[in-house]
There are 2 protein chains.
Amino acid sequence: MDEGAPQKGTVTQRAIEEIKAMIAEGRLEPGQRLPTERELAARLGISRSSMREAVRALTVMGVLEARHGSGIYVTALEAGDLLETFGVVADLSRGPRLVELLEVRRILESTATALAAARITDDRLAAVEKHLAAMNATDDPEEILAHDLAFHREIASAAGNETMAAILDGLSSRTFRARVWRGYQEEGAFARTRREHAAIHRALAARDPEAARAAAAAHVGEVEEWLRAQLGG
Amino acid sequence: MDEGAPQKGTVTQRAIEEIKAMIAEGRLEPGQRLPTERELAARLGISRSSMREAVRALTVMGVLEARHGSGIYVTALEAGDLLETFGVVADLSRGPRLVELLEVRRILESTATALAAARITDDRLAAVEKHLAAMNATDDPEEILAHDLAFHREIASAAGNETMAAILDGLSSRTFRARVWRGYQEEGAFARTRREHAAIHRALAARDPEAARAAAAAHVGEVEEWLRAQLGG
DNA sequence: CGCCTCGTAGTGGTCGGACCACTTGACTGG
DNA sequence: CCAGTCAAGTGGTCCGACCACTACGAGGCG
């Protein structure tokens, strides 16, 4: 009997597909521990080095998690785990690509905010207000940034779609850094952001999806237009 | 003088960040060739094995491309390259997560189709029609699937946002497989899909964004509801 | 008896070196 | 001048050793 696999691509690639298949077919459950690297390598008939590369690859994808001294585990396979690399995309994108990313964010964020307006609970709304207040109470850029992110994350989460929230999270990191620059270059940006955030909050409190959608779209579109102008000029 | 980096996490992780930084800072241009693995390893003071893991990690992220016998190159860093892992997310998602992914797809696809209706050229519209005709001319599931994918890809591309098109591409692979199952289980699904595609095409030809948005949303929502029902029952 | 400490086996993390498979380009012979 | 050949260099794979850390149980202490 042959080994079955007649060499497709590199051995490492084959190992990656193999492990992915195990998970996709349910042979490996989220949170479950995998065999040791040494055994996995032996089982697939490859060296430990190659197997390690495969594990590393799946680790950066957020599929596996290696704990030093303990073992290799399947992650919870939740949206946040798998979409972590999405942030890298945002970090490495430049110029026109960044505008495209912002456009995607505008579409998703406006919809998410609209959904949130319809579904948000009083508790979550209070959390949103807390971040809004904290954001207005300080003038430390770093702190503002943190609460700004949390503000939007809370809203996206309230929309009831964790996958969408995770994607928006990834789309934000780079974006918000750009906004910091902007704050330095263009006076009044902070004040405008404050007004826009207030408008979003008002729409949420009023449970008005359409107003929320419009406010969120305007908020992101604001940055988008500014960036577009930067590239054109 | 110290080496500067006081050991943050694993050496491999450090190497990954290092290379990513090189690209983010523009020290490495898209398409450019990197130093050899051996030299990179020596430059960061780590072993070649560890460096190889770093390169492998960046390779699966679509940032680098290793050509056997030739060297390591930075990819074009286009949306398609970086968002390839997005398909993995779709492949590994199950149950409620899949519904969430479809919801994201519905939002993006409907908007993309609306944009396409406003911007599509006659040439691209002809290409869309070609896939539509090919899809209706055969009854081989595999071929239908291929043209179905191409149909939507063409539309997403016509929307003028390659990033969005790439994301939609990733969101589709798994989705469409589910639809194949569906075709087997539920008679009339093909006919309904055919009607929905026709409606989308009609809206595109009429350059009617709102109609296009509605048709696309209904198209994806159809699958979404079916899947939701599957999970509930 | 119960808790705490310490040792130890086992795991992932790193290393160095050897060899293989493939690409590339210069060199050689026609 | 061209085609074929060959050698240097690159990524791909493998091996075996050792390090760093974790987990868990044996043993000691209270």
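The values are calculated or read from the model by the stated rules, or taken from the named source; none is laboratory data. Treat the numbers as computed from the prediction; the structure is a model and nothing was measured. Don't worry about glycine lacking a Cβ; one is built from the backbone with ideal geometry, like all the others, and counts go over all protein chains shown. We work out accessible area using only protein heavy atoms, side chains counted, and drop any ligands, DNA or RNA first. Shrake-Rupley method; radii C 1.70, N 1.55, O 1.52, S 1.80 Å.
For the reader, a short list of remarks on this structure follows.
- Hey, B:G45 open to solvent by less than 60 Å² (accessible area, probe 1.4 Å) and outside the structural domain of B:I167 (by TED's automatic domain parsing) or not: no
- From A:M22, A:M1, residue being modelled with pLDDT under 95 and more than 10 Å from DNA strand D (Cβ to nearest atom): A:M1
- Matching residues in region A:76-131 - criterion: being part of a helix (DSSP H, G or I), facing another protein chain (nearest Cβ under 8 Å) and among the polar types (S, T, N, Q): A:T85, A:T111
- Meets criteria (in contact with a helix residue (DSSP H, G or I) (Cβ under 6 Å, 6 or more places away or on another chain), open to solvent by 20 Å² or more (accessible area, probe 1.4 Å) and of a type in the set (S, T, Y)) for A:S70: no
- Restricted to region A:3-75, the set of helices (runs of 4 or more DSSP H) holding at least 3 residues that are near DNA strand C (Cβ under 9 Å from one of its atoms), within 14 Å of another protein chain (Cβ to nearest Cβ) and not hydrophobic (A, V, I, L, M, F, W, C) comprises A:48-60.
- Residue match in region A:60-67 (condition: open to solvent by 40 Å² or more (accessible area, probe 1.4 Å) and small (G, A, S)): yes
- Any hit, region A:208-227, residues being more than 24 Å from the chain's Cα centre (by Cα), assigned to a helix (DSSP H, G or I) and either closer than 27 Å to B:A21 by Cα or in the same structural domain as A:D139 (by TED's automatic domain parsing) (or both): yes
- Among the residues of region B:155-184, those identified as open to solvent by less than 20 Å² (accessible area, probe 1.4 Å) and assigned to a loop (DSSP other than H, G, I, E, B) are B:A159, B:N161.
- Enumeration of residues in region B:40-91 that are hydroxyl-bearing (S, T, Y), away from DNA strand D (no atom under 12 Å from the Cβ) and modelled with pLDDT of 95 or more: B:T75
- Test: residue in region A:189-200 that is in contact (Cβ under 8 Å) with a residue 12 or more places away in the chain, open to solvent by less than 10 Å² (accessible area, probe 1.4 Å) and either farther than 20 Å from A:F86 by Cα or not in a loop (DSSP other than H, G, I, E, B) (or both): yes
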